[in-house]
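The values are calculated or read from the model by the stated rules, or taken from the named source; none is laboratory data. Remember, predicted model here, so these are calculated numbers, not experimental data. Ideal geometry is used to build each Cβ from the backbone, glycine not excepted, and the neighbour counts take in all protein chains shown.
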Amino acid sequence: MTFHVLDPTNESTPPLGQLAPRPGSLRGKTVGFISNGKEGTKGFFAHLDRMLREDYGVANVIFRTKSNYSAPADGYITGEIANWDAVITGIGD
Amino acid sequence: MQLASKTYTAEDIGAVQELYHANGWTDGLPIVPPTPAAVEACLEWAMTPPDFLIGIEPVRAQPVTAEKLAINAVMAGCLPMHFPVVLTAFTAMLDERFLMHGATASTGGCAVFVVLNGPIRREIGASGSFNALGNSDRATAVIGRALRLALINIMQVRPGEIDRSTLGHPGKFSYCVAEDEEDTTWQPLAQFRGMPEGASAVTVMAAQAPRQIMNEWTTEPKEILETFAAEMRANLRHYSLRAGNYAIIVPKQLREHLQAAGWTKTDIAEFIHERARIPRREWADVGKSAVVRDRGDSIYSALESPDHLLVVAAGGPAGGFGAIIPPWLGHKSQAVTMAIGACVDCEPSKG
């Protein structure tokens, strides 16, 4: 017996966000970190902060932590992104 | 009825299973083939067009249509009469308070705990008696499974993809219970949470696995409830100090002692709220002294307020058992109750 069955997935993929233009160099730039606030991120971002300043000449590192690590960044944080030259975020635990 | 989903052809039932397993479209168990006729029957029963937009998951902008949900419901084994419950439960999960993305992606590994209330339980044969938290009946089994399959297929909540659970728990196959309303004097959970009397409703909660307790050596309400509170204190120690929605499942044997003494759900919630709390210093007793710091005397309550406790009458008639069901993680996700087939808080029609 032949079955005709339906695709259970969404089929269409939601549009991805556009990547901002890549900075040619980080020297003298302002880089923002958006942390989810989990315990393991502290050492990671502290090390990254030091590396960016010492090895790449980054002028300022701005550190922000989300109020809820399972939800998107708060509006006041995303509102600040326009003032930064680059932003680093992602999945962390 | 015009369905929009892509159609596949499979030569026999075995080929259907392999097609769905090979594409990562199952929970590992066999599925019921979602044929157009079966899917249309679900949609017709719920009087819902296939392109009806149930909602959009806000974090990843994923739309959920009735057609896609019905396909997953059929796969889970749902009959058309089960679909309105699935539809309402998934709508409740899309409520902002539930925080679907966080609750389904988290390493914490919670599942969606569902409580059914109202006349629909009897119409679909959902039982709140024997084996209530296990494989008690067809209706609760397939409804809970439908929600999981929909998360897998519509939201890409597959292990290692969106689902980052470290452990998960067996409730991620299905985690649905009907309250035993006929065998209790207590107010049904949905009514307790604001739904009109007699309305059918679902409550969804991002929940960890049940933790079973036993106390058959007393008839004193405070002693019985102290055992539940102690298990919640254990969860505060061993898992998380964060306050959130907890559920407690009270089967008939213990329930009758509480009811005979005149204890209502409100009385229970107030007692548990007072008793389910610990000082932070107790974390040092369970290997977590590193984070006690200078806050050892701070008191942490499992419940921010008594109404955050979901008291559910369910379970077989014999046995001095009960269970607590802890939240995924504090109040990041909140339990949501929604009426089935009715808009409880809509504006009244004009004229």
*asked:* Is it the case, given these coordinates, that A:ASN36 is within 14 Å of chain B (Cβ to nearest Cβ), surrounded by 14 or more Cβ atoms within 10 Å (Cβ to Cβ) and within 30 Å of B:PRO36 (Cβ to Cβ)?
replied: no
_Yes or no: the range B:42-53 includes at least one residue that is crowded, with 18+ Cβ neighbours inside 10 Å and part of a helix (DSSP H, G or I)._
yes
*asked:* Checking the structure you have, find out if any residue of the range B:263-274 is touching a residue at least 12 places away in the same chain (Cβ under 8 Å), more than 19 Å from B:LEU189 (Cα to Cα) and in contact with a strand residue (DSSP E or B) (Cβ under 8 Å, 6 or more places away or on another chain).
replied: no
*Flag for B:PRO188 being farther than 30 Å from B:ALA261 by Cα and either of a type in the set (Gly, Ala, Ser) or more than 14 Å from every other protein chain (Cβ to nearest Cβ) (or both)*: no
*asked:* Condition (residue is out of contact with any strand residue (DSSP E or B) (no Cβ under 6 Å at 6 or more places or on another chain) and within 14 Å of chain B (Cβ to nearest Cβ)) applied to the range A:75-87: is it met by at least one residue?
replied: yes
_Whether any residue in the range B:61-69 is without any contact (Cβ under 8 Å) to a residue 24 or more places away in the chain, within 10 Å of chain A (Cβ to nearest Cβ), more than 22 Å from B:GLU161 (Cβ to Cβ) and not in a loop (DSSP other than H, G, I, E, B) is what I want to check._
no
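State whether the residues of the range B:318-327 include one that is within 14 Å of chain A (Cβ to nearest Cβ), within 23 Å of the chain's Cα centre (by Cα), within 29 Å of A:PRO72 (Cβ to Cβ) and surrounded by fewer than 18 Cβ atoms within 10 Å (Cβ to Cβ).
Checked the range B:318-327: no residue is within 14 Å of chain A (Cβ to nearest Cβ), within 23 Å of the chain's Cα centre (by Cα), within 29 Å of A:PRO72 (Cβ to Cβ) and surrounded by fewer than 18 Cβ atoms within 10 Å (Cβ to Cβ).
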*Quick check: anything in the range B:168-176 in a helix (DSSP H, G or I), in contact with a helix residue (DSSP H, G or I) (Cβ under 6 Å, 6 or more places away or on another chain), of a type in the set (Phe, Trp, Tyr) and modelled with pLDDT of 95 or more?*
no
*Which of the residues spanning the range A:5-33 are surrounded by 14 or more Cβ atoms within 10 Å (Cβ to Cβ) and under 27 Å from B:ASP51 (Cβ atoms)?*
A:VAL5, A:LEU6, A:ASP7, A:PRO8, A:THR9, A:ASN10
*With respect to A:LYS42, determine if the residue is surrounded by 11 or more Cβ atoms within 10 Å (Cβ to Cβ), over 30 Å from B:TYR8 (Cβ atoms) and at the interface with chain B (Cβ under 10 Å from one of its Cβ atoms).*
no
*Of all residues in the range B:79-109, which are in contact with a strand residue (DSSP E or B) (Cβ under 9 Å, 6 or more places away or on another chain) and among the hydroxyl-bearing types (Ser, Thr, Tyr)?*
B:THR88, B:THR91, B:THR104, B:SER106
*Does B:ILE213 meet the test of being of a type outside the set (Ser, Thr, Tyr), buried (at least 24 other Cβ atoms within 10 Å of the Cβ) and not in a helix (DSSP H, G or I)?*
no
*surrounded by fewer than 12 Cβ atoms within 10 Å (Cβ to Cβ), out of contact with any Gly (no Cβ under 6 Å at 6 or more places or on another chain) and at pLDDT below 90 - does that describe any residue in the range A:56-67?*
yes
*Output yes when any residue across the range B:72-87 is touching a Lys or Arg at 6+ places or on another chain (Cβ under 7 Å) and within 13 Å of chain A (Cβ to nearest Cβ), and no when none is.*
yes
*Just one of B:LEU254, B:LEU236 is under 21 Å from B:VAL177 (Cβ atoms) and either surrounded by fewer than 18 Cβ atoms within 10 Å (Cβ to Cβ) or among the aliphatic types (A, V, I, L, M) (or both); which is it?*
B:LEU254
*asked:* Quick check on this structure: which one of A:GLY43, A:GLY90, A:GLY37 is within 13 Å of the chain's Cα centre (by Cα), farther than 22 Å from B:GLY330 by Cβ and of a type in the set (Gly, Ala, Ser)?
replied: A:GLY90
*Subset of the range B:6-60 [in contact with a Lys or Arg (Cβ under 7 Å, 6 or more places away or on another chain) and facing another protein chain (nearest Cβ under 7 Å)]*: none
_Pick from the range B:250-268, criterion in contact with a Phe, Trp or Tyr (Cβ under 9 Å, 6 or more places away or on another chain) and of a type in the set (A, V, I, L, M), ranking: farthest from B:THR218 (Cα to Cα)_ = B:ILE268
*asked:* Let me spell it out: the conditions are (1) more than 23 Å from B:SER129 (Cα to Cα); (2) surrounded by 21 or more Cβ atoms within 10 Å (Cβ to Cβ), and B:LYS172 meets all of them except one. Which number is the exception?
replied: (1)
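If you go through the range B:271-278 one residue at a time, do you hit one that is at pLDDT below 95 and more than 26 Å from B:ASP180 (Cα to Cα)?
So far as the range B:271-278 goes, no, none of its residues is at pLDDT below 95 and more than 26 Å from B:ASP180 (Cα to Cα).
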